[in-house]
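Reviewing the structure listed below.
The values are calculated or read from the model by the stated rules, or taken from the named source; none is laboratory data. Model, not experiment: these values are computed from the prediction. Note that each Cβ is placed from the backbone with ideal geometry, even for glycine, and that neighbours are counted across all protein chains shown. Side chains included, ligands, DNA and RNA excluded: accessible areas come from the protein's heavy atoms. Shrake-Rupley method; radii C 1.70, N 1.55, O 1.52, S 1.80 Å.
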Amino acid sequence: MTDTEATPAGDETLEQQLEEMLEIETFDPPESFVEHALLSDSAVYEEADADWKGWWVKQAKELHWFTEPTKDLNDSDPPFYKWFEDGKINASYNCVDRHVEAGNGDRVAFYWHGEEGESREITYADLHRDVQKFANALKDLGIEKGDVVGIYLPMIPEVAVAMLACARIGAIHNVVFGGFSADSVKERMEIAEAKALVTVDGARRKGKTAPVKQQVDKAVSDLDSLKHIVVVQATNADCEMQDGRDVWYHEICDAADDECPAEELEAEHPLYILYSSGSTAAPKGILHTTGGYLTGVAATHRYVFDLKPESDVYWCSADVGWVTGHSYIVYGPLANGATSVMFEGAPDYPHKGIWWELCEKYKVTLFYTAPTAIRACMKWGVEHVEKFDLSAMRLLGSVGEPINPKAWLWYYKVIGGERCPIVDTWWQTETGAIMITPLPGIVSTKPGSATRPFPGIEADVVDESEGKPIDEGQGLLVVTRPWPSMLRTLYKDDERFIETYFSKFGKETYLVGDAARKDEDGYFWIIGRIDDVVNVSGHRLSTAEVESAIVSHGKVAESAVIGQADEDVGQAICAFVTLEGETEGTDELVEEIRARVGDRIGKFARPKRIIWADDLPKTRSGKIMRRLLRDVAEGKALGDVTTLRDPDVMQQLEGKIKEEQASEQ
Ligand code: WTA
């Protein structure tokens, strides 16, 4: 138990202290931290800028290559960049074999902690054994280099094993976050033409077990391209195994050979596809390749988290199904030989202090989470934190959405005990690795700013019309140099890749899709998405995806979805819904629509608020004006509505919102 002297007992005093701290503009890296930091000299920025390709080559050399690359960047056909293209490498070898060969086989790779309190220690030697077995089992199923393998698993160690086994044989994994519905899994397997899917019998969540295999069966029954379903027996939930298609993970592993040498792959061999949301309903298959991606995630993981693999215990609380999990639970930490915590459950089960209990138990030193989780913890109260000893903690990270200064300060004070630097890391599925972030031993932080680009990265804020740099004020965030871990394309859709990211300002300027501003010190402040992408609890969703799920309900004629600012989850989904004919909007229908979205996409995408609308505000060309919907939903005064086909629509909607507010009071 901690000595709580340093932290005030009551939330009220804490509240006052946080208010006072809001006055502090910058926080210098703590001296005690700087003293031992891997990087503490700001010259690293100049060094990397002076020869940015050379800087990345230096980072690539930290990895194991079967054949060292002699080439750095091939930019002969922008925006299709290639990195280290004549090198031969394997991600699984780098994440596992290398550490075993260096004598670190006994080092724990994952301290896994289950929902009901179970724990497992998986060493690098264990990973080495399991990954080889499963890689051979995949080969026995007929999976070959270049084939796509779907992975739909909860947070159990097998998820990392499955990813690494694919990487070992050059199969391309396509992980779907466990919170997505089986219908989403089907969609993602279908577009990627996955040959096999690795899933579980059931997944536990807060004391309940979801029958995952049964749901998957229903969704994929007519998917001919999917030849095999591998089932991890995680919960003993009821499930049927279809002869000729379904196999148990443990059985095929038992039957497989022990040794599976890692394939010597070209640096540009695809490592994975990860579907992410864009402006349209169809998710984008973001494609990452091997050498550059691994270079980016390993270098950022080492320097942003100041990782000392021999002594640190690192915990990234994300789910492996998102890019944060790919890069900072699996590839970055394992490439660096780190010891991590992997937690199966939710932050409030079995109790609201479970994260901090685990931090105490495993003596976590580096902790990486999302602002939405920090805000939830703030709400639950410091008493859930204070019971535990967090004195081993030495650095905190944030990712996924802008962190509001109050949450930053709470994190800094309550979790970090005012001695841990905070790294607010900005990046995306597309960028593969962290792009804008403080280096914790060098850069002074300002709550709410991700500070400056990582060495070697060049970013800017430009004006919308001409793409000219803006020194002060808001504009569009762009990245102006290629970087090794950048996406290579959208799977089987080069055109959409160019159109989405490289058409606005040319093939050399990557359009991020976020608005940002730079301050007088050159610090970046990320404002949020400029496209129709919403960020719910750090989960990326497109409004079009949700709309298409809503209109798939037979009684719905039309829908428009917006992200509404929300104290807890950052942005909450608010749906305006026009019903068919004379249908009345009832509470029952609200539940039906929410359930429909849950089935189609996943529970996290269900609208928080549904507003019945007789009609939606459209321009004369028929485009829905979401800006007006955002204003009306937030009770703001309406601006100019004269460009609307039918300006009366807005008045009706305003009336509805007032009625809604009146009935809530
Ligand atoms: C947002 C998650 C502000 C941003 C790694 C970006 C952030 C989108 C931050 C990518 C941050 C991520 N500050 N905003 N530190 N990190 N974002 O692809 O809008 O799931 O474009 O990747 O999250 O979400 P994605």
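Brief remarks on what is shown
- Residue within segment 382-392 that is closer than 28 Å to Pro309 by Cβ, in contact (Cβ under 8 Å) with a residue 60 or more places away in the chain and in a strand (DSSP E or B) present: no
- Pair list, Cβ under 6 Å, 6 or more apart: segment 68-81 residue modelled with pLDDT of 95 or more, other residue among the aromatic types (Phe, Trp, Tyr): Pro69/Phe84; Leu73/Trp83; Asp75/Tyr81; Pro79/Phe502
- Glu251 being within 20 Å of Lys492 (Cβ to Cβ) and open to solvent by 60 Å² or more (accessible area, probe 1.4 Å): no
- Flag for Ser449 being more than 16 Å from the ligand (Cβ to nearest atom) and hydroxyl-bearing (Ser, Thr, Tyr): no
- Filtered by the rule that a residue be crowded, with 21+ Cβ neighbours inside 10 Å and not in a loop (DSSP other than H, G, I, E, B), segment 78-99 gives Lys82, Trp83, Ile89, Ala91, Ser92, Tyr93, Asn94, Cys95, Val96, Asp97, His99.
- Residues in segment 424-437 that are more than 6 Å from the ligand (Cβ to nearest atom) and out of contact with any Asp or Glu (no Cβ under 9 Å at 6 or more places or on another chain): 6 in all.
- Boolean, Ala560 is free of Cβ contacts under 8 Å to residues at least 24 places away in the same chain and either among the small types (Gly, Ala, Ser) or surrounded by 22 or more Cβ atoms within 10 Å (Cβ to Cβ) (or both): no
- Only one entry of Glu46, Glu5, Glu62 meets the criterion of being over 30 Å from Ala91 (Cβ atoms) and modelled with pLDDT of 95 or more, and that entry is Glu46.
- Among residues of segment 412-430 that are among the hydrophobic types (A, V, I, L, M, F, W, C), those with a beta-carbon under 9 Å from a residue that is near the ligand (Cβ under 9 Å from one of its atoms) and in a helix (DSSP H, G or I) at least six positions away or on a different chain give the pairs Trp427/Val323; Trp427/Thr324; Trp427/Ser327.
- Subset of segment 464-480 (residues that are open to solvent by 90 Å² or more (accessible area, probe 1.4 Å) and assigned to a loop (DSSP other than H, G, I, E, B)): Glu464, Ser465, Glu466, Lys468, Asp471, Glu472
- Any chance Pro333 is in contact (Cβ under 8 Å) with a residue 12 or more places away in the chain and either open to solvent by less than 10 Å² (accessible area, probe 1.4 Å) or outside the structural domain of Gly400 (by TED's automatic domain parsing) (or both): yes
- Counting only residues that are open to solvent by 10 Å² or more (accessible area, probe 1.4 Å) and either more than 24 Å from Ile329 (Cα to Cα) or of a type in the set (Phe, Trp, Tyr) (or both), segment 449-461 holds 3 of them.
- Selection of segment 481-535 for residues being part of a loop (DSSP other than H, G, I, E, B), open to solvent by 20 Å² or more (accessible area, probe 1.4 Å) and within 14 Å of the ligand (Cβ to nearest atom) yields Tyr523, Ile530, Asp531, Asp532.
- Search result, residues across segment 243-261 that are assigned to a helix (DSSP H, G or I) and either modelled with pLDDT under 95 or not acidic (Asp, Glu) (or both): Tyr249, His250, Ile252, Cys253, Ala255
- The sole residue among Lys387, Lys413 that is closer than 21 Å to Glu23 by Cβ, more than 15 Å from the ligand (Cβ to nearest atom) and more than 16 Å from the chain's Cα centre (by Cα) is Lys413.
- Residue in segment 572-581 that is in contact with an Asp or Glu (Cβ under 7 Å, 6 or more places away or on another chain) and either outside the structural domain of Gln652 (by TED's automatic domain parsing) or at negative phi (or both) present: yes
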